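Written below as structure tokens is the structure these notes are about.
Read the figures in this text as sums done on the coordinates, not as results from a lab. This one's a predicted model, so the numbers in the text were calculated from it and none came from an experiment. Every residue, glycine among them, receives a Cβ derived from its backbone with ideal geometry; neighbour counts consider all protein chains shown.
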Amino acid sequence: MRFSTSTTAAQLAGSADRCQPQNLSFSLGTAASGILPVEMANAGSAACVIDGFAGVDLVGLARGQADYTWSLDRQSAGYSPVTLQPGGPAHFNLMFLVHTPDDGGDDIQVAKMVITPPDDFTQARVTWVKDLELQDAATHPVTYIGPVVPGA
């Protein structure tokens, strides 16, 4: 999925170019109350701009398929360009609903998260093992992602 912000984000944030995927590192923060921070840092040598929403697919065991892929919805929220200095952090939150066997719903046993940075097609894979309520057919799923914001 392509996100359209291109040069406008760089112009709003100054002279920094768009963050290149090969210069972004990803890690997972500590989950609390159904919120997992997905952290990223600029591993490049120059400041760069990241803007909008990452794409996130959860991959795991669901509906009898070992590599079932669930593309998460994005929160209805505004966002602003984020300038990352070299080594500088940003993050987005993944809100999730843990599966409980007595709720009667389907689950996905997540094995990894596939992240596509805003304005790009390159993907990063991060291991995340979690049993979630599968809501891929829900009109308003409780599992979704927020926009990229500054800081860890």
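Counting residues in the range 44-60 that are free of Cβ contacts under 8 Å to residues at least 60 places away in the same chain and of a type in the set (D, E) gives one or more. Of G60, G44, all but one fail to be within 21 Å of H91 (Cβ to Cβ), of a type in the set (G, A, S) and either part of a strand (DSSP E or B) or touching a Pro at 6+ places or on another chain (Cβ under 9 Å) (or both); the exception is G44. Just to verify a result, which residue in the range 61-74, among those that are at negative phi and more than 16 Å from the chain's Cα centre (by Cα), is surrounded by the most Cβ atoms within 10 Å (Cβ to Cβ)? Residue satisfying both the conditions and the ranking: A62.
Just to be sure before I move on: is A77 part of a loop (DSSP other than H, G, I, E, B), of a type in the set (G, A, S), under 18 Å from the mean Cα position of the chain (by Cα) and more than 18 Å from C19 (Cα to Cα) in the structure I sent? Spell out how you get there, then give the answer.
On the way: part of a loop (DSSP other than H, G, I, E, B): yes; of a type in the set (G, A, S): yes; under 18 Å from the mean Cα position of the chain (by Cα): yes; more than 18 Å from C19 (Cα to Cα): yes.
So A77 fits the description; yes.
Take the conditions (1) part of a strand (DSSP E or B); (2) surrounded by fewer than 16 Cβ atoms within 10 Å (Cβ to Cβ); V49 misses just one of them, which is (2). For the range 96-118, the set of residues classified as part of a strand (DSSP E or B), under 10 Å from the mean Cα position of the chain (by Cα) and crowded, with 17+ Cβ neighbours inside 10 Å consists of M113, I115, T116, listed by residue number. Remark: A137 falls outside the filter, which requires a residue to be part of a loop (DSSP other than H, G, I, E, B), surrounded by fewer than 19 Cβ atoms within 10 Å (Cβ to Cβ) and in contact (Cβ under 8 Å) with a residue 40 or more places away in the chain.
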